[in-house]
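**Q** Handing you a structure now.
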Amino acid sequence: MSLEQLNSINKPLVIHDILSEAFRPFGKVWTSIHADEWIAYAQGHIEIPGEGNRYVPSIAELEAFAAARRIQEEIYGELPIQIGFCAGGNTKLTGLEYHQGSEVVVAATDCVHFLGRVQDIHDYSYHSGNARAFFQPKGTVVELYSTTLHYAPCKVSDLGYLTLVALPKGTNQPLEAGGSEGGNLLLTKKNKFLMVHETQTEKIALGTHPGLKGKLLEIKTI
């Protein structure tokens, strides 16, 4: 589905191109990093779940590709990183998160991201009306800055979405016993600062902060 088609069926929501000026505050498109072989491997070895989302933080086979080494060198300055995947059939902005350090997303399918700014969080809350939607075409590599709020991508077709995800090593691992009582209400895992929409009752019951306010944004597909 083209960006024009997506916008036509999702009015009044505006979905921007990652190559537009609107994306510049949120991240960077790395046209010098080519991921065709990486994506071909992922499509042949990773199954997109029919329901929900699946995230695996680190897969050794994905981390062995030359593109992974380039990301580690050029974006993370040779710091240790992990590369896994996120895949599923998500269509809604059910939460927002950020990390200390950029997240790199390689699109193995077309997808849409809802993005926001950490600077717009007030009292551990963020209004969904401040979020902006961006279309990431298959084959592109984007860096989302550490000040960019994001969550699971949204699919643009019934086939679902598949993305490869690079983060500083150790991100999304369980917190030490006891966590950080009295600290940041959004800290749910190591280097994962997450809030969810009030509709996400199961995650709220498990302790995730219901800080995402406003309308539950959704991407419609044909």
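Coordinate-derived values only; no laboratory data. Given the structure is predicted, the values throughout are model-derived calculations rather than measurements. Don't worry about glycine lacking a Cβ; one is built from the backbone with ideal geometry, like all the others, and counts go over all protein chains shown.
**Q** Please report the net charge: other residues with Cβ closer than 11 Å to the Cβ of residue 99, K and R +1, D and E -1. Walk me through the numbers on the way to the answer.
**A** Working: positive: 189, 190, 192; negative: 97, 103.
Once positives and negatives cancel, what remains is +1.
**Q** What are the aspartates and glutamates whose alpha-carbon lies under 14 Å from the alpha-carbon of residue 189, with same-chain residues fewer than 8 places away excluded?
**A** 97, 176, 181
**Q** While we're looking at this one, here's another question. Which of the lysines could be linked to residue 190 by a straight reach, that is with a Cα gap under 22 Å, when you skip same-chain ones fewer than 8 residues away?
**A** Within reach: 169, 203.
**Q** Order these by the 10 Å Cβ neighbour count, fewest first: 17, 110. All intermediate terms of the calculation are to be shown ahead of the outcome.
**A** Working: 17 14, 110 22.
Final ranking by Cβ density, sparse to dense: 17, 110.
**Q** Give the relative contact order (percent, whole number) for the chain; include only Cα pairs under 8 Å separated by 6+ residues. Don't skip to the end; give the middle numbers.
**A** On the way: 482 pairs, mean separation 59.3, N = 222.
Reported as a whole number, the value is 27 percent.
**Q** For region 180-222, which GluC sites (Glu not before Pro) are in a loop by DSSP, counting at most 13 other Cβ atoms within 10 Å? Intermediate values should be presented prior to the final figure.
**A** Details: sites: 181, 198, 202, 218; in loops: 181, 198.
Taking region 180-222 and a limit of 13 other Cβ atoms within 10 Å, the loop GluC sites (Glu not before Pro) found are 181, 198.
**Q** Report the residue, chosen from 42, 166, 152, that carries the largest GNM mean-square fluctuation when the chain is represented by alpha-carbon nodes joined by springs under 10 Å.
**A** Comparing 42, 166, 152 in the GNM, the peak value goes to 42.
**Q** Relative contact order (percent) for region 146-222, with alpha-carbon contacts under 8 angstrom and 6 or more residues of separation? Mind showing how you got there, number by number?
**A** Working: 69 pairs, mean separation 22.0, N = 77.
Rounded, it is 29 percent for region 146-222.
**Q** Give the cross-link partners of residue 155 among the lysines, using a straight C-alpha distance below 20 Å as the criterion and excluding same-chain residues fewer than 8 apart.
**A** 11, 92, 138, 215, 220
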